[in-house]
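If you scroll down you'll find the structure; I have some questions about it.
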Amino acid sequence: MSGMFDCSFRKVLAAAASDAPTPGGGSVSALVGALGVSMAAMVGNLTYGKSQYAAVATEIKDITGRAYFTMARLEKLMEDDIAAFDSFMAAYRLPKGTTEEKDKREEALQKALRGATETPLEIAVTLLEALAITAQLSRIGNKMAISDAGVAAYVCEAAVHAVLLNVEINLPMVSDAGFASQALEEKERIAGEARRLKEQAVAVVKERMKG
Ligand SMILES: Nc1nc(=O)c2c([nH]1)NC[C@@H]1CN(c3ccc(C(=O)N[C@@H](CCC(=O)O)C(=O)O)cc3)C=[N+]21
């Protein structure tokens, strides 16, 4: 299913729940992440233009713009992951009767696996930018809605770890050992950074909710 962003939420949920392979865990993580970032954008919108927050107006405008940018990027990446995993499934279903067919299938599988691994990594990196935005916003955003900066932090971090599981399940099938080890290293770095940024944002949110 493509053009997911123009469907009703009900249709997206039904498509995600169905036995169709896509949207799968990769694209759903991107969608969930986009919803997480929307809460950072909302806090930005609730801060910008308020006299109480005039001193941080320029910074808020910049961060809010970046939040919208990451949402748009996640929309594109959701569609990319659907295409990437569809390619994997298409290769997986290729015939493997003869040696020639087996070779062709393996070649198609390896090519598709690369895309199905790179796309979740790109989703995760985009979500790191969202988490950095959220951490910054937690310090200067409208206090009345600051819990939503915490919601953005928790949801985006969860989406990072979720999308990285797709890298983890694909990697053992990748035959290019150099590509696999680099992807694994990248995955570990991103997961650690996501944890750190979430902790930072939530700590500030909790502190500001005290008074
Ligand atoms: N970039 C990326 N995005 C993903 O969404 C992604 C991923 N990588 N890596 C793996 C996981 C898991 N996942 C599955 C979804 C449906 C079936 C599925 O439909 N399986 C059928 C296959 C049937 C057939 O052979 O046609 C079955 O088991 O019956 C399997 C696996 C998506 N993931």
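For region 70-94, which positions are free of Cβ contacts under 8 Å to residues at least 24 places away in the same chain, over 20 Å from Ala20 (Cβ atoms) and among the hydrophobic types (A, V, I, L, M, F, W, C)?
Within region 70-94, Ala72 is the sole residue that qualifies.
Continuing with this model, one more query. Take the residues in region 181-211 that are crowded, with 16+ Cβ neighbours inside 10 Å and of a type in the set (D, E, K, R), then tell me which one is nearest to the ligand (Cβ to nearest atom).
Going through the qualifying residues, I end up with Lys187.
Follow-up question, since we're still on this one. Do you know which residues across region 20-55 are among the hydroxyl-bearing types (Ser, Thr, Tyr) and in contact with a Gly (Cβ under 7 Å, 6 or more places away or on another chain)? It would help to see each step written out before you state the result.
Taking region 20-55 and keeping what is among the hydroxyl-bearing types (Ser, Thr, Tyr), we get 22, 27, 29, 38, 47-48, 51, 53.
Thr47, the sole residue that qualifies.
Still on this structure: Could you please give the count of residues in region 114-144 that are more than 16 Å from the ligand (Cβ to nearest atom) and either open to solvent by 10 Å² or more (accessible area, probe 1.4 Å) or outside any helix (DSSP H, G or I) (or both)? Let's see the steps before the verdict.
Narrowing region 114-144 to residues more than 16 Å from the ligand (Cβ to nearest atom): 128-144.
Now drop any that are not either open to solvent by 10 Å² or more (accessible area, probe 1.4 Å) or outside any helix (DSSP H, G or I) (or both), which leaves 128-129, 132, 136, 139-144.
Number of matching residues: 10.
For region 1-100, which fully contained helices (runs of 4 or more DSSP H) count at least 1 residues that are modelled with pLDDT of 95 or more and of a type in the set (D, E, K, R)?
9-17, 57-92
Take region 67-90 and flag every residue that is open to solvent by less than 70 Å² (accessible area, probe 1.4 Å) and away from the ligand (no atom under 11 Å from the Cβ).
Start the filter on region 67-90 by keeping residues that are open to solvent by less than 70 Å² (accessible area, probe 1.4 Å), which leaves 67, 70-72, 74, 77-90.
Hits for region 67-90 are Ala67, Thr70, Met71, Ala72, Leu74, Glu79.
Sort out which residues of region 160-175 are touching a Lys or Arg at 6+ places or on another chain (Cβ under 6 Å) and either within 9 Å of the ligand (Cβ to nearest atom) or among the polar types (S, T, N, Q) (or both), and write them in order of number.
Result: Val167, single match.
Any idea how many residues of region 25-54 are open to solvent by 20 Å² or more (accessible area, probe 1.4 Å) and near the ligand (Cβ under 9 Å from one of its atoms)? Give the derivation first.
Step one: filter region 25-54 for residues open to solvent by 20 Å² or more (accessible area, probe 1.4 Å), giving 25, 28, 31-32, 35, 38-39, 42, 45-46, 48-54.
Those left that are additionally near the ligand (Cβ under 9 Å from one of its atoms): 25, 28.
Final tally of qualifying residues: 2.
Just to be sure before I move on: is Gly178 modelled with pLDDT of 95 or more, open to solvent by 20 Å² or more (accessible area, probe 1.4 Å) and more than 20 Å from the chain's Cα centre (by Cα) in the structure I sent? So that I can check it myself, show each step before the final result.
Numbers: modelled with pLDDT of 95 or more: yes; open to solvent by 20 Å² or more (accessible area, probe 1.4 Å): yes; more than 20 Å from the chain's Cα centre (by Cα): yes.
In short, yes.
The values are calculated or read from the model by the stated rules, or taken from the named source; none is laboratory data. In this text the structure is predicted, and so the values were computed from the model without any measurement. FYI the Cβ positions are ideal-geometry reconstructions off the backbone, even for glycines, and counts take in every protein chain you see. With ligands, DNA and RNA removed, areas are computed over all heavy atoms of the protein, side chains included. Shrake-Rupley method; radii C 1.70, N 1.55, O 1.52, S 1.80 Å.
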